[in-house]
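Okay, so here's the structure we're looking at.
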Amino acid sequence: MEIQKIAEHIIAWLKEYATQAGVKGFVVGVSGGIDSAVTSTLCARTGLPTVCVEMPIHQHPDQVNRAQEHILQLKARFTNVSGERVDLTESFETFKTAVPTTDNETILNLTLANTRARLRMTTLYYIAGLHSSLVAGTGNKVEDFGVGFYTKYGDGGVDISPIADLMKSEVFALGAYLEVPNTIQKAAPTDGLFGDSRTDEDQLGASYDELEWAMKQQDKGSLLNDFEGREKEVYAIYTKLNNANKHKMLEIPVCEIPETWK
């Protein structure tokens, strides 16, 4: 894997896209995870103004600490980087009092988790508007095109996706090359949407390494019965998530009206 070439390619792509779009720079939501750390560092390396935004909502302290550490070190390394902290906890609580609820805690918790992501998306676009900038997405290939592990119109609501053609393992390798803080490189991946320490693996039922393997097997046209044991279990998890989240990964369906009726 040619890490330096990949990094330089993404940085040049970002800079060219921003120039063609006539915008000043980038806005990135920083969570304390590897994806947002790598994305924000790549944006910073373009030399264009890059705003790193921390948006806690009842956030676990470890996530807050990592996000703040990353933003501080980026600001120290790059003069074009600035940081914003928008605490959305009160806004989130106000929202909860204004909408209907349900006794089904599983559905309620998941819906509220997605609401956190959508509040953050709205905040990022507000700040991007103030700075005439693009919102840079932080999704990797497994999340965006494999299992659909993101919130529709939440962290999936972005202008550009710099790392969406990279597997999670490749993002970690890029993070090491870009000198992302060790605390982030070593942290277990988490979406941080539930206010606790649950990891992505806890939610997905498989590690990113396993899901990467399954994604490659699907590309080969493999079937569930081609595997046994843990491999069969992982492939079943992957295909179930891939099918369930197709609505996120495909274009919005349009009901086309016959021209003769118009």
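Taken along its three principal axes, the alpha carbon spread of region 33-112 comes to 49, 21, 21 Å, from the longest extent down to the shortest.
Once the Kirkwood radius over Cα pairs is known for region 141-262, the Stokes-Einstein relation at 37 °C and 0.692 mPa s delivers a diffusion coefficient of 200 µm²/s. Checking (1) 18.1; (2) 14.0; (3) 20.4 against mean projected area of the Cα convex hull in nm² calculated from these atoms, the matching label is (1). Legend: ranking of residues 57, 34, 107, 160 from fewest to most surrounding C-beta atoms inside 10 Å; resulting order 107, 160, 57, 34.
The charge dipole of region 3-204, taken about its Cα centre with unit charges on the Cβ of Lys, Arg, Asp and Glu (plus for the first two, minus for the last two), comes to roughly 600 debye.
In whole angstrom, note down how far apart the Cα centers of region 216-259 and region 6-42 are. Distance between centres, Cα-based: 29 Å. Counting neighbouring Cβ atoms within 10 Å and putting the fewest first, the residues 255, 43 line up as 255, 43. Taking each DSSP H run with n ≥ 4 as -39500 (n - 2.57) and averaging over every residue of the chain yields -16000 deg cm²/dmol at 222 nm. Considering only 140, 106, 203, and ranking their Cα positions along the charge dipole of the chain that arises from unit charges at the beta-carbon of Lys, Arg, Asp and Glu, the one farthest toward the positive end is 140. When 40, 132 are sorted by how many other C-beta atoms sit within 10 angstrom of their C-beta, beginning with the fewest, the order is 132, 40. Report the local net charge at residue 74: Lys and Arg +1, Asp and Glu -1, summed over other residues whose C-beta lies under 11 Å from its C-beta. Residues close to residue 74 contribute a combined charge of +1. Counting only residues at least eight positions apart within a chain, or on another chain, the lysines with an alpha carbon under 26 Å from that of residue 232 are 141, 168, 216, 220, 240, 246, 248.
No lab work stands behind these numbers, since they all come straight from the coordinates. Note that this is a predicted model, so its numbers are computed, not measured. Note that we place each Cβ from the backbone using ideal geometry, even for glycine, and neighbour counts take in every protein chain shown.
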